[in-house]
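The values are calculated or read from the model by the stated rules, or taken from the named source; none is laboratory data. The structure displayed is predicted, hence computed values, not measured ones. Don't worry about glycine lacking a Cβ; one is built from the backbone with ideal geometry, like all the others, and counts go over all protein chains shown. Just the protein is used for accessible areas: all its heavy atoms, side chains included, with ligands, DNA and RNA removed. Shrake-Rupley method; radii C 1.70, N 1.55, O 1.52, S 1.80 Å.
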Amino acid sequence: MGKRKSQKKSNNSYPFMNDNMFDKPDLGNNQNIFRANVGEERTVVDPAETVVNTTTTRHTIRRVHPTNVVNVNRNIYRVEDYYPVEESFVNENVVEYYDCGNDPDDCSNCKFVKRTKK
């Protein structure tokens, strides 16, 4: 920068600037001027900023579910057993003959008499 003493005057927008600032070419930004005028230096550390870089890797998992198919050919034979029963009723009359003698109150003398059919 060239000499601007006559062109630029100090104003309220630059309270730390003076007319000698333009004579020093190494004090070109406001921070250097502030440090030069204050006389003490302090460091202000902002809170740490967390930056998360995410790398995504896609994986393919092939799940195989084996299935065994059993084909069953079933033959069903129906065996039917029948037991026909014929039922009949017979009325049988058996006649037995005894010869018991002449005393009807005494059966101890009775003897079986075998009869033949005529």
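A few comments on the model shown:
- Among 98-109, 73-84, the order from most to least packed when residues are scored by Cβ within 10 Å on average: 98-109, 73-84
- For Cys100, nonlocal amide neighbours, meaning residues 5 or more places apart or on other chains whose placed amide H falls under 5 Å from its own, are Lys111.
- Å² per residue, accessible surface of segment 47-88 at 1.4 Å: 134
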